[in-house]
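Here's the structure we're looking at; comments come further down.
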Amino acid sequence: MKPLIDLPFLSHGHATLKDVEQSVRFYRDFIGLDVVKTSPRTLVARLGSNTAIVGVTLGEKGLAKANRPWLKNAHFGFDFPTADEVKEAHELSLLHQESFHIKNVGDLVESDEGLSFLLLDQDGNYWEILENQIGGYTRYFDGECDTRHALASFSERNLENRKSILKPLLMSHMTCEVIDIEKSRVLYEEVFGLDCIRLTSKRMLGRLNSVAVIDFIETDSELREHKMHNHIGFDVAGPENVDIARQIIVDNQEKFGFDVIHKTSGSHGTYGFTFSDLDNNAWQIEDYPRGGYYWMFEQGGDLLNKFQPNVGGVEDWHQLIDPETYEYTGVKNN
């Protein structure tokens, strides 16, 4: 069945920050992510694919206002192939806890899937370090998916050259809590086109042409507000497709229980909108190149201008893509 909105792949998830410089240090020097600082207040990070973490600074006051007890169920997961490596990562986390301002290093937990533990960072975000097979959760899905955008221009080189404290292989998942997993599954399959696999009565994996997956967990959390700053995002090719997607969401608001549908606006140097579903989870659809944020990493180093390319004479990322395919092409030599 063709989904209502044509989305190429799982593009990104959001995290909130207090201080970009400290967060860059935690993401890059401790966890071992590939990080690009995109402005004095924002960063983009990835590991193993182009599904990225977009970190946005709210500051101390902004974070204090947002009561988010559900953040543990909005964590990002990073894989090691063996239990011994997870144990070593746990020891290193305890050893370096103070120097990287880690609020808490959780206990090691053994499950049917392997060993894991949670980190609580300086900003209140949770990070799961887990034992997982090479390739992440791909083993649960039947058949292959089209990962050309998720893996566009991706190289193992950066993994080999890392000097970080931890060295996980892959960002395998981001979590998302739901109230009724079967009711929510209809939305993810019919609107977004996610490939969903039920693991237990209260847990489901969803992927969209991606290596990283969304790990959906049915919970009984009472407070589900303040999720716009922790939304999950998808990209479409062009502002007109953003408008089409928004109209589809509006037309299906009653059917799927969409709560808030924001107007389109320009942010992060692009055009898009956010909306919330019946579980109060927030989603973003934006105009961005095929492959999402990977063009930022292709530019190399920190971007010199806020949300702009690190290329002289180029003022907007649209100048770096093929208008027909929406693929990143870089700067063309005259």
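Things to note:
- Antiparallel DSSP beta bridges within the chain, percent to nearest 5: 65
- Residue-normalised convex hull volume from the C-alpha trace of segment 154-261: 165 Å³ per residue.
- Residues whose amide H lies under 5 Å from that of Thr329, counting only those 5 or more places away or on a different chain, are Ile321, Asp322; hydrogens are built 1.01 Å from N in the peptide plane.
- Nearest-20 debye value, the chain charge dipole, Cβ charges on Lys, Arg, Asp, Glu: 720
- Per residue of the chain, the DSSP helices (runs of n ≥ 4 H) give a summed -39500 (n - 2.57) that works out to -4500 deg cm²/dmol at 222 nm.
- Taking label points 7 Å from Cα along the Cα-to-Cβ direction, His101 and Lys255 give a separation of 4.6 nm.
- The calculated P(r) of the chain, using every Cα pair and 10 Å bins from 0, goes 6, 26, 37, 25, 6, 0 in percent.
- For Ser172, distant residues with modelled amide H under 5 Å away: Gly77, Phe78, Asp79
- Phi-derived couplings, Karplus 6.51 cos²θ - 1.76 cosθ + 1.60 at θ = phi - 60°, listed residue by residue for segment 310-326: 8, 9, x, x, 10, 9, 8, 5, 4, 6, 9, 10, 7, x, 7, 9, 6 Hz, with x used for Gly and Pro.
- When the chain is treated as a GNM with alpha-carbon contacts under 10 Å, the residue of Lys37, Lys103, Lys263 showing the greatest mean-square fluctuation is Lys263.
- Using the Karplus relation 6.51 cos²θ - 1.76 cosθ + 1.60 with θ = phi - 60°, the per-residue 3J(HN,Hα) values for segment 192-206 come to 8, x, 5, 8, 10, 10, 7, 9, 9, 5, 10, 8, 8, 9, x Hz, with x marking Gly and Pro.
- Each Lys or Arg adds one and each Asp or Glu takes one away; over the other residues whose Cβ falls under 12 Å from the Cβ of Glu240, this sums to -1.
Just so you know, all these numbers are worked out from the coordinates, no wet-lab data involved. Just so we're clear, the structure is a prediction, and the values are computed from it rather than from any experiment. Glycine gets a Cβ as well: all are built from the backbone with ideal geometry, and neighbour counts include every protein chain shown.
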